[in-house]
Amino acid sequence: MNLREIRILYGRELRSALRERTIVFNTILLPVFLYPVILWAMFTALTFIQGRNEGFTSRVALVAALPSPHPVLAESLRADANLSFWNGETTSAGGFVGISGDRAAIPVVDSAAAHALLRNRELDAVLLFTEPDGEAAALAGNFEARILFDRAIDRSRRARDRVSGRIDDYRAGWLAREAERMGLSEAEQVRFAVRQDDVSTGEDLGAFLLGQMISLFLVIMVALGCFVPSVDTTAGERERSTWETLMTVGAARRSVVVAKYLHVATLGILAGSLNVIALFISIGAVLRPLLSGVGAAADTISFQIPLAAWPMMIVGAVALALFFSAAMMILAAFARSFKDGQAMVQPVYWMVFLPLLLGSQTDATLTPALASIPVANVSMMIRDAVNGVFLWPLIAQTLAVTLGTIVLCLVSARAILGFEELMTGAYDGSFWRFLKDRAWRGRRAKA
Amino acid sequence: MAWSKGEGMTPRPAVDVRDLRKSFWDEGRGEVRAVDGLSFTCHPGEVFGLLGANGAGKTTTLRMLSTVLRPTGGSARVMGHEVQEAPERVRRSLGFYSASTALYPRLNGRETLEFFARINGYPEERVRGRVQSLIDRFGIGEYEKARVEKLSSGMKQKVSIARTIAHDPPVLIFDEPTVGLDVLNALEMVQVIRELRDEGKAILFSSHIMSEVEKLCDRIGIVHRGRLLALGTLDELREATGLHYLEDIFVSHVTAAEGLAGSELVEGDAGGEEGGTGVEAAD
């Protein structure tokens, strides 16, 4: 292998690539800016939606009166500023009209009309109090509250929670008063209590969040970084009629292919690395304000990556880039135009997400089975490393599987490029058609 | 100094093609013989023209010589290197120019010339000097820093010729070089080829434009359906056919070949060693 040739060809490829707007956008700008912008937009939107939903007044209809011994509950429901009870009338458009006046009692409205309004989404919940059945019926003043709501609507679920919360609070107060009346101390009332203590530190929580994000974004960004260059260096060359120019230069074909391969992998690694750095720098600024108040660990959250995880991420990015480059270039080599190339390579890009789903269980670490699945294994390996978990035998298995996949791709590429019509760009078909043609011809030849 | 038959003193031709064949499989037509036993030579300081209609096999022949395609039979040597045995050496010995060999649009003129000089094995320490001399020779200086994609077609043509000879190869292949060029650019192209011939380059030139071949080529091979129908200087071809214009000579050969299906038209020993100039029909 002539290293001088490879260096010259590689330099030419890289120089051309970094002057192409689409490649610069996908390889540099997107990895650096996309993640923080997406994350910021996502959390801002969530906060906005959450705030908007919390700001809504829940529209409730009472269709069966509250039993008389519970005026405090009635007052509590009526006084809740987040609840508005239907007065039984509708607007001209058939909309909800709430009771007015601070002292107005909650009216009992027609059940059928309330159900109709609930179905039309003009009402968020229907509340009715009924006599309990069986043994519960013997208890004086007991009642059963039923809440009708629409699970498909967030606003309706929120109305259920609000009404339910009011009744729960009332029950707790009532039980406390009853216990006191029976001479039970507070300690005796709160027996068999459950207390929860979060032992995670701010570093643990930060590493957990970083691990989730880096393992996901690194895979996506490396694939994205390889995507356009792999098409540009194969189908793009054909479209620009520079492929034949390259075929007539005095370098070995192998040098041409190796230089192209290394250039695509380089851009994939660049995209992945830039993304990790952008993620690492910006995640604190984006997430810390959003997580404040969630818990003690969240309040002291710190985003640090263990030193030993960095080499693991680099190895992972290189392995992913070499795999994606090989797989994408094999498919793109069949295309005769950039557009065709994009269409042919697209499936590989989307296939990236399938193994990622396997590794999306937040508490899972590498297992022998997961370590056998390309892409997912590297993603998991990186996540473990960021969390400070290093399962060396499984890491070795992961790297061996990835290396094997890369070698398989390269051997396939070598075999495919051995066909003259492909090397010269004369073949007019896709990778799948090529396989079908060759298999069919092979069978026919044997027959 | 144009090569002539009497001056062909070079013991070894720059290009030596013997019984060259290329067949490929086509789903609709079955086995297609694109090149069917071509033999010819080209010497330093000579422009050898391959004249033929579209689909005659000219480009396939030149692609085999430039090692883009692999021959299915026969042999071809460029500066003594066999195309199948030493393809890299062959490619380093020649410059290939055709309408389908475009320039890298995102490199500028100087970068383009430096890249092609280096990758074709031109000595590293002399690359800058060589590139500067080409820039001066073709008047590229004014736009040497502009990306190729921004250049006019005339400017691109100059850069393209310069990149073809960037590594100073002894053999040059021009495959239909004037296709798509306006009259002035086509004339300029012809003039450059003449100059290169005078510098001692062995030039293979393919075209279907009779006037260009007439003006430029020292010897002409008429190709039809992958076979060489006639070979010689223009005067020799005129003498053999009794016709004056190359167009008439070409048509007469093609008509004869089409009319004598199953027969073989040979020029001297065009199917093997070249030499004679007469054209005759053989059984």
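If residue B:57 passes every condition in (1) of a type outside the set (Phe, Trp, Tyr); (2) more than 14 Å from every other protein chain (Cβ to nearest Cβ); (3) over 14 Å from the mean Cα position of the chain (by Cα) but one, which one does it miss?
Failing condition for residue B:57: (3).
Restricting the search to segment B:63-114, which residues are under 15 Å from the mean Cα position of the chain (by Cα) and among the aromatic types (Phe, Trp, Tyr)?
Selection gives B:96, B:97.
From B:106, B:92, B:110, which residue is without any contact (Cβ under 8 Å) to a residue 40 or more places away in the chain and charged (D, E, K, R)? If you could, list the steps in order and put the result at the bottom.
Details: B:106 fails: without any contact (Cβ under 8 Å) to a residue 40 or more places away in the chain; B:92 fails: without any contact (Cβ under 8 Å) to a residue 40 or more places away in the chain.
After ruling out the rest, the residue left standing is B:110.
Of everything in segment B:211-247 that's outside any strand (DSSP E or B) and within 17 Å of residue B:55 (Cβ to Cβ), which residue is least open to solvent (accessible area, probe 1.4 Å)?
So the first thing to find is which residues in segment B:211-247 are outside any strand (DSSP E or B), and the list is B:211-218, B:225-226, B:233-247.
Narrowing the set further to residues that are within 17 Å of residue B:55 (Cβ to Cβ) leaves B:225-226.
Values: B:225: 149, B:226: 1 Å².
This residue is B:226.
Could you tell me whether segment B:173-191 includes any residue that is open to solvent by less than 50 Å² (accessible area, probe 1.4 Å), under 19 Å from the mean Cα position of the chain (by Cα), within 13 Å of chain A (Cβ to nearest Cβ) and of a type in the set (A, V, I, L, M)?
Yes, some residue in segment B:173-191 is open to solvent by less than 50 Å² (accessible area, probe 1.4 Å), under 19 Å from the mean Cα position of the chain (by Cα), within 13 Å of chain A (Cβ to nearest Cβ) and of a type in the set (A, V, I, L, M).
Taking segment A:1-21 as the region of interest, how many residues are open to solvent by less than 70 Å² (accessible area, probe 1.4 Å), farther than 12 Å from residue A:267 by Cα and in contact with a helix residue (DSSP H, G or I) (Cβ under 7 Å, 6 or more places away or on another chain)?
7
Could you pull out every one of the helices (runs of 4 or more DSSP H) wholly within segment A:318-429 that has 2 or more residues that are more than 14 Å from chain B (Cβ to nearest Cβ) and not hydroxyl-bearing (Ser, Thr, Tyr)?
Hits in segment A:318-429: A:338-351, A:353-358, A:376-386, A:392-417.
Write out, first by first residue and then by second, each pair whose Cβ atoms fall under 6 Å of each other, whose residues are 6+ apart or on separate chains, and whose first residue, in segment A:1-19, is closer than 15 Å to residue A:254 by Cβ and more than 8 Å from chain B (Cβ to nearest Cβ) while the second is open to solvent by 10 Å² or more (accessible area, probe 1.4 Å) and assigned to a helix (DSSP H, G or I).
A:6/A:258; A:10/A:262
Residue under question is residue A:123, and the condition is that it be open to solvent by less than 40 Å² (accessible area, probe 1.4 Å), at pLDDT 90 or above and part of a loop (DSSP other than H, G, I, E, B); does it hold?
Numbers: open to solvent by less than 40 Å² (accessible area, probe 1.4 Å): yes; at pLDDT 90 or above: yes; part of a loop (DSSP other than H, G, I, E, B): yes.
Yes, satisfied.
So, residue A:29, is that one assigned by TED's automatic domain parsing to the domain that holds residue A:160 and either under 30 Å from residue A:223 (Cβ atoms) or not in a loop (DSSP other than H, G, I, E, B) (or both) or not? Outline the logic, then answer.
Details: assigned by TED's automatic domain parsing to the domain that holds residue A:160: no; either under 30 Å from residue A:223 (Cβ atoms) or not in a loop (DSSP other than H, G, I, E, B) (or both): yes.
In short, no.
Which number in (1) surrounded by 15 or more Cβ atoms within 10 Å (Cβ to Cβ); (2) within 40 Å of the chain's Cα centre (by Cα); (3) in a helix (DSSP H, G or I) marks the one condition that residue A:59 misses?
(3)
Pick from segment B:74-118 the residues that are open to solvent by 30 Å² or more (accessible area, probe 1.4 Å), more than 23 Å from residue A:242 (Cβ to Cβ) and assigned to a loop (DSSP other than H, G, I, E, B): which of them is farthest from the other protein chains (Cβ to nearest Cβ)?
B:85
Here's the yes/no breakdown for (1) at pLDDT below 90; (2) open to solvent by less than 10 Å² (accessible area, probe 1.4 Å); (3) within 30 Å of residue A:144 (Cβ to Cβ):
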| position | (1), (2), (3) |
| --- | --- |
| A:175 | yes, no, yes |
| A:214 | yes, yes, no |
| A:227 | no, no, no |
| A:260 | no, yes, no |
| A:266 | no, no, no |
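Among the residues that make up segment B:151-158, is at least one of them within 18 Å of residue A:246 (Cα to Cα), in contact (Cβ under 8 Å) with a residue 24 or more places away in the chain and of a type outside the set (Val, Ile, Thr)? Explain how you work it out, then say what you get.
Pass one, segment B:151-158, residues within 18 Å of residue A:246 (Cα to Cα): B:156-157.
Those left that are additionally in contact (Cβ under 8 Å) with a residue 24 or more places away in the chain: B:156-157.
Now drop any that are not of a type outside the set (Val, Ile, Thr), which leaves B:156-157.
The answer is yes; a qualifying residue exists.
Could you tell me whether residue A:66 is surrounded by 18 or more Cβ atoms within 10 Å (Cβ to Cβ), away from chain B (no Cβ under 14 Å) and part of a loop (DSSP other than H, G, I, E, B)?
Working: surrounded by 18 or more Cβ atoms within 10 Å (Cβ to Cβ): yes; away from chain B (no Cβ under 14 Å): yes; part of a loop (DSSP other than H, G, I, E, B): yes.
In short, yes.
Do we have any residue at all in segment A:22-42 that's open to solvent by less than 70 Å² (accessible area, probe 1.4 Å), touching a helix residue (DSSP H, G or I) at 6+ places or on another chain (Cβ under 8 Å), within 14 Å of another protein chain (Cβ to nearest Cβ) and within 30 Å of residue B:115 (Cβ to Cβ)?
Yes, some residue in segment A:22-42 is open to solvent by less than 70 Å² (accessible area, probe 1.4 Å), touching a helix residue (DSSP H, G or I) at 6+ places or on another chain (Cβ under 8 Å), within 14 Å of another protein chain (Cβ to nearest Cβ) and within 30 Å of residue B:115 (Cβ to Cβ).
If you scan segment B:144-160, which residues turn out to be within 13 Å of another protein chain (Cβ to nearest Cβ) and hydrophobic (A, V, I, L, M, F, W, C)?
Across segment B:144-160, the qualifying residues are B:146, B:148, B:159.
Mind listing whichever residues of segment A:131-157 are at pLDDT 90 or above, open to solvent by 40 Å² or more (accessible area, probe 1.4 Å) and assigned to a helix (DSSP H, G or I)?
A:157
Going residue by residue through segment A:324-341, is there one that turns out to be under 24 Å from the mean Cα position of the chain (by Cα), open to solvent by 20 Å² or more (accessible area, probe 1.4 Å) and of a type in the set (S, T, N, Q)?
no
Residue B:128 passes all but one of (1) in a helix (DSSP H, G or I); (2) under 26 Å from the mean Cα position of the chain (by Cα); (3) at pLDDT 95 or above; (4) more than 9 Å from every other protein chain (Cβ to nearest Cβ); which number fails?
If we test residue B:128 against (1) in a helix (DSSP H, G or I); (2) under 26 Å from the mean Cα position of the chain (by Cα); (3) at pLDDT 95 or above; (4) more than 9 Å from every other protein chain (Cβ to nearest Cβ), just (2) comes out false.
Given the options B:141, B:121, name the one that is open to solvent by less than 40 Å² (accessible area, probe 1.4 Å), more than 9 Å from chain A (Cβ to nearest Cβ) and in contact with a helix residue (DSSP H, G or I) (Cβ under 7 Å, 6 or more places away or on another chain). If you could, list the steps in order and put the result at the bottom.
Values: B:121 fails: more than 9 Å from chain A (Cβ to nearest Cβ).
The unique qualifying residue is B:141.
The values are calculated or read from the model by the stated rules, or taken from the named source; none is laboratory data. No experiment lies behind these values; they were computed from the predicted model shown. FYI the Cβ positions are ideal-geometry reconstructions off the backbone, even for glycines, and counts take in every protein chain you see. Just so you know, the surface numbers come from the protein's heavy atoms only, side chains and all, with ligands and any DNA or RNA stripped out. Shrake-Rupley method; radii C 1.70, N 1.55, O 1.52, S 1.80 Å.
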